[in-house]
Amino acid sequence: MPEIDIKEMEKKLRDLWEREGIYRFDRKSKQKIYSIDTPPPTVSGKMHIGHAFSYSQQDFIARYKRMAGFNVFYPFGTDDNGLPTEKLIEKTKNVKSKSMSREEFISLCLKTLKEITPEFIQDWKNLGVSCDYSIYYSTIDKNTQRLSQKYFLHLYKKGKIYKKEFPTIWDTEFQTPVAQAELEDKTQDTLFTTLKFKVKETNQDLLIATTRPELLGACVAVFINPKDKRYNKLIGKKAIVPIFNHEVPILGDESAEIEKGTGILMICSYGDKYDVDAISRHKLKPRVILNKDGTLNLPNTQYNHLRVKQARSKILEDLKSHNLITDQKKISHIVNVYEKSGVEIEFLPTEQWFIKILDKKPLLISSGKKIKWHPEHMFKRYENWIKGLDWDWSISRERHFGIPIPVWHCRKCNTIIHAEEKELPIDPTSTKKVCKTCKIATEPETKVLDTWATSSITPQISSHIMNNTIKIPYSLRPQAHDIIRTWAFYTITRSILHEKSIPWNDIIISGFVTMQGEKMSKSKGNVISPQEITEKYGVDSLRYWASSSKLGEDLDYQEKEILAGKKFITKILNATNFVFMNLQHQNKIPKLHPTDELFLLQLNKTIKEATEAFNQYNYSKAKSEADNFFWKIFADNYMEIVKYRVYNGTEEEKASAYYTLYQALLTIIKMMAPITPYITEHLYQEHFKKYEGKKSIHIESWPTLFKGKSSKSEDELWNKLIEVITLVRQEKSKAQKSMKAETILTLPKKDLSLLKPVLDDLQHVTNSTQIKEGKLSVELL
RNA sequence: GGGUGAUUAGCUCAGUUGUGGCGAGAGCAUCUGCCUUACAAGCAGAGGGUCAUAGGUUCGAAUCCUAUAUCACCCACCA
């Protein structure tokens with residue numbers, strides 16, 4: 001049995017691929033281009049299992065397309081801009097960005113990234129992801145900054161980007177606005193308290209239920225449904241807010257639900273999205289009491305500077321002691337939190353930048369429909385998301401580490417001065433601009449662009465590296481389903497706005513990796529690292545596992561599946577060993593034995609199925625077709641059948657077997673090459689390269705069909721052959737005999753005449769001393 | 001509340017879309033054998049399923065239609 005050191009083999013082959021530039025995009029080639037808009041992973045130190053899973057899947061496609069004759073454009077990028085990077089640097093370098101100068105912090109980020117990025121990328125190379133790593137971008141590098149700013153200005157000049165003071169979704173932890181797409185749900189226990197307001201005119205109690213009593217100071221109105229017979233006569237009067245004692249109008253509003261709470265609700269600036277909407281609808285003057293850091297701004301009260309939750313319990317105490325609470329119960333409700341901080345979001349009126357998208361909903365949906373989604377139903381998620389959009393796309397962030405928004409403001413005439421294209425990339429804080437009309441110094445914009453505002457132009461970034469020879473739409477976008485509402489949505493939006501075109505023709509959506517049905521997460525402690533797996537079983541085993549799930553389906557981590565991959569590797573090594581043990585290479589197609597011909601026709605079916613499956617991005621079917629053929633038809637049956645001829649046949653019989661074994665094995669490893677690139681390359685280098693002449697199996701051509709027509713009678717003959725072999729094996733098993741036990745085989749006349757062309761092989765594989773005509777029987781000697 | 005997907009052997013999943021069809025498949029696990037000159041981390045064989053439930057269409061349904069249940073994900077709900 002051939003022993004190989006998998007780690008050593010992997011290293012050797014990686015070096016080969018790199019040295020020979022196997023995955024280089026050929027700029028001069030006339031072949032059709034297949035372009036992939038590769039997801040740039042967020043630099044985080046190490047690749048995790050979810051990455052390994054989805055990048056394997058997209059790589060199956062890339063490798064197949066390369067073998068199928070396409071000039072595959074498969075660039076690589078890293079996402080290292082924005083909050084996740086800030087967090088990473090703060091953690092690893094033990095610093096706080098807000099307590100450093102912007103310049104200082106940015107240079108620390110860039111320096112650290114330079115240190116850790118190569119090692120990070122190595123994980124992708126190890127996994128065998130066949131990108132052309134020389135076509136590389138980072139979402140913070142100079143070129144990307146220039147492009148991102150250029151495309152910002154492009155939209156700004158067209159009036160599609162605007163700046164507005166508006167209550168935006170605000171995260172008090174990172175102290176920055178965030179986008180609707182970056183919110184998550186979180187179930188929380190809270191107190192639902194009914195408190196007493198007073199009606200000014202009548203001095204009667206007005207009961208209002210709330211979960212946010214700390215916002216009483218921000219109360220600007222009270223709503224009652226005009227149809228609410230209990231209270232509608234109060235509409236038009238004034239209410240007195242408890243504790244704070246200011247007057248607010250009692251307004252009639254149909255959106256107030258009679259059944260909910262007490263039927264009366266208070267409007268505060270800003271408790272939630274409803275408040276934002278209510279205040280703008282009734283043109284109320286907001287009373288903003290929240291600071292950016294999540295503390296309250298209520299000077300001359302005991303609540304000043306308290307954090308929201310502290311203020312809540314303090315105010316509840318005070319209400320209680322003033323006997324202003326009539327009812328209180330514990331409820332569990334769902335709140336929106338920022339996905340990166342886990343902290344409840346607030347609404348704060350700040351000046352922010354937005355890309356207009358609400359007016360484009362129908363166009364964005366119809367454009368999305370032009371893209372082929374795999375699986376198809378993922379389009380619904382995209383559509384559903386767009387339909388539910390309430391806000392324009394918030395793109396500015398009040399952070400240090402991001403791409404600066406290239407504008408200045410003149411305080412006097414209130415105009416915005418933007419950078420010129422030739423100045424890009426530019427950090428407005430390091431350049432002084434004078435307002436041409438007012439002749440005074442302007443103020444630089446200190447906000448930066450959100451990461452998505454840049455990663456949404458990855459097709460443009462990669463194309464730019466290639467001097468725009470790669471055209472939009474790309475062939476393919478691969479990504480996971482959790483970022484349909486962000487990355488896919490934003491990329492489509494930008495492409496429509498800038499290019500008036502969809503960004504890609506196809507999009508493939510991969511699922512998640514779960515552990516016993518649960519999402520893997522560090523907090524649950526059920527995380528498996530891909531490095532751990534590949535160390536133990538090799539990269540191919542991991543990829544073999546990743547290929548077992550269909551697109552869009554979550555895959556549960558099962559060690560036994562990884563083990564199955566390992567078994568495949570061992571098996572194909574052994575099979576190859578047998579094939580080449582005695583083989584003499586056939587330069588010409590010899591006269592084929594009927595069995596060999598039949599077998600190759602069976603192989604044709606597999607080639608057809610696998611090719612079709614790969615063309616539909618159904619790599620899991622392609623793999624199982626090839627894998628099944630290898631295991632069931634090639635190893636378990638064909639190899640057993642030809643053994644006798646290989647050892648004892650005439651020259652002609654041997655030649656036919658040699659040719660067929662060689663061709664079939666080559667076809668099998670070609671079909672498996674996209675899935676398990678290492679072992680197939682190893683075998684190619686060892687045994688096939690000298691005859692086939694390509695530098696690597698990964699630039700070999702995808703298998704084509706063998707000559708000969710598969711017909712019903714051919715299938716019938718092959719199936720009968722296998723049927724009889726199986727029958728004999730059954731009888732031997734039943735009799736607890738060895739498989740080499742001698743037999744006398746009796747076949748009905750019909751079968752005997754059908755099997756005539758392959759009778760010699762049948763006799764040898766069943767080890768029959770004779771094959772007789774008569775009633776079907778297997779006589780063991 | 002809206003949307004989407006899933007439900008097939010002990011476990012993990014194919015098969016279902018545009019063509020419904022003779023006995024429903026695989027891997028793992030279980031059981032019984034076999035050292036057979038590629039492979040015992042292997043080979044050969046066996047057992048195991050009312051295809052979630054209830055109706056309907058049909059000569060015939062895992063597959064098409066209608067409900068229902070359970071699970072998962074996304075969105076909305078935050079007084």
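The values are calculated or read from the model by the stated rules, or taken from the named source; none is laboratory data. Keep in mind it's a predicted model, so treat the numbers as computed, not measured. For neighbour counting, all protein chains shown are included, and Cβ atoms are generated from backbone atoms with ideal geometry for every residue, glycine included. These accessible areas exclude ligands, DNA and RNA; they are computed on the full protein's heavy atoms, side chains included. Shrake-Rupley method; radii C 1.70, N 1.55, O 1.52, S 1.80 Å.
Scanning region A:189-237 for residues that are within 9 Å of RNA strand B (Cβ to nearest atom) and either among the charged types (D, E, K, R) or part of a strand (DSSP E or B) (or both) returns A:190, A:192, A:193, A:194, A:208, A:209, A:210, A:212, A:223, A:224. Scanning region A:319-342 for residues that are at pLDDT 90 or above, buried (at least 17 other Cβ atoms within 10 Å of the Cβ) and away from RNA strand B (no atom under 13 Å from the Cβ) yields A:319, A:324. Here residue A:297 fulfils each of the conditions (1) open to solvent by 60 Å² or more (accessible area, probe 1.4 Å); (2) in contact (Cβ under 8 Å) with a residue 24 or more places away in the chain apart from (2). The residues in region A:608-636 that are more than 9 Å from RNA strand B (Cβ to nearest atom), crowded, with 22+ Cβ neighbours inside 10 Å and among the hydrophobic types (A, V, I, L, M, F, W, C) can be counted, and the count is 6. Checking each residue in region A:179-188 for being under 25 Å from the mean Cα position of the chain (by Cα) and either among the small types (Gly, Ala, Ser) or in a strand (DSSP E or B) (or both) picks out A:179, A:181, A:183, A:184, A:185, A:186. Within region A:763-781, the residues that satisfy the criterion of being crowded, with 18+ Cβ neighbours inside 10 Å and either closer than 20 Å to residue A:734 by Cα or not aliphatic (A, V, I, L, M) (or both) are A:764, A:765, A:766, A:768, A:778. Figure legend. Inter-residue proximity from region A:613-638: first residues closer than 19 Å to residue A:508 by Cα and of a type in the set (Ser, Thr, Tyr), second residues within 9 Å of RNA strand B (Cβ to nearest atom) and modelled with pLDDT under 95, beta-carbon distance below 8 Å, spacing 6+ or different chains. Indicated pairs: A:620/A:548; A:620/A:549; A:620/A:550. Output the residue which, of all residues in region A:365-398 that are within 14 Å of RNA strand B (Cβ to nearest atom) and among the hydroxyl-bearing types (Ser, Thr, Tyr), is nearest to residue A:164 (Cα to Cα). Looking at the filtered set, the residue picked out is A:394.
Could you please let me know if residue A:525 is at pLDDT below 95 and under 30 Å from residue A:463 (Cβ atoms)? It is false that residue A:525 is at pLDDT below 95 and under 30 Å from residue A:463 (Cβ atoms).
In region A:199-210 there is at least one residue matching the filter, namely being over 50 Å from the mean Cα position of the chain (by Cα), crowded, with 17+ Cβ neighbours inside 10 Å and either of a type in the set (Asp, Glu) or under 23 Å from residue A:315 (Cβ atoms) (or both). For region A:163-178, a residue qualifies if it is assigned to a loop (DSSP other than H, G, I, E, B) and farther than 11 Å from residue A:394 by Cα, and the qualifying residues are A:172, A:173, A:174, A:175.
With respect to being over 30 Å from residue A:397 (Cβ atoms), touching a residue at least 60 places away in the same chain (Cβ under 8 Å), of a type in the set (A, V, I, L, M, F, W, C) and crowded, with 19+ Cβ neighbours inside 10 Å, residue A:61 fits the description. The helices (runs of 4 or more DSSP H) located wholly in region A:444-545 that include 2 or more residues which are out of contact with any Phe, Trp or Tyr (no Cβ under 6 Å at 6 or more places or on another chain) and either under 20 Å from residue A:394 (Cβ atoms) or of a type in the set (Phe, Trp, Tyr) (or both) occupy A:451-455, A:489-499. In this structure, is residue A:749 at pLDDT below 95 and within 16 Å of RNA strand B (Cβ to nearest atom)? When the stated conditions are applied, residue A:749 does not pass them.
Could you look through region A:542-565, keep only residues that are free of Cβ contacts under 8 Å to residues at least 40 places away in the same chain and open to solvent by less than 20 Å² (accessible area, probe 1.4 Å), and pick out the one that is farthest from residue A:374 (Cα to Cα)? It would help to see each step written out before you state the result.
First pass over region A:542-565, keeping only residues free of Cβ contacts under 8 Å to residues at least 40 places away in the same chain: A:545, A:558-564.
Okay, now just the ones that are also open to solvent by less than 20 Å² (accessible area, probe 1.4 Å), so A:545, A:562.
Values: A:545: 20, A:562: 25 Å.
Looking at the filtered set, the residue picked out is A:562.
Residues in region A:573-612 that are in a helix (DSSP H, G or I), of a type outside the set (Val, Ile, Thr) and farther than 25 Å from residue A:681 by Cα: A:594, A:596, A:597, A:598, A:601.
Looking across A:613, A:673, A:657, one residue alone is at pLDDT 95 or above, within 17 Å of residue A:59 (Cα to Cα) and in contact with a helix residue (DSSP H, G or I) (Cβ under 9 Å, 6 or more places away or on another chain). It is A:673. Out of A:670, A:695, A:732, report the one residue that is open to solvent by less than 30 Å² (accessible area, probe 1.4 Å) and within 26 Å of residue A:130 (Cα to Cα). None of the other options fit; the residue is A:670.
Just the residues that are assigned to a loop (DSSP other than H, G, I, E, B), open to solvent by 10 Å² or more (accessible area, probe 1.4 Å) and over 20 Å from residue A:185 (Cα atoms), please, taken from region A:343-392. Scanning region A:343-392 gives A:356, A:375, A:376, A:377, A:392.
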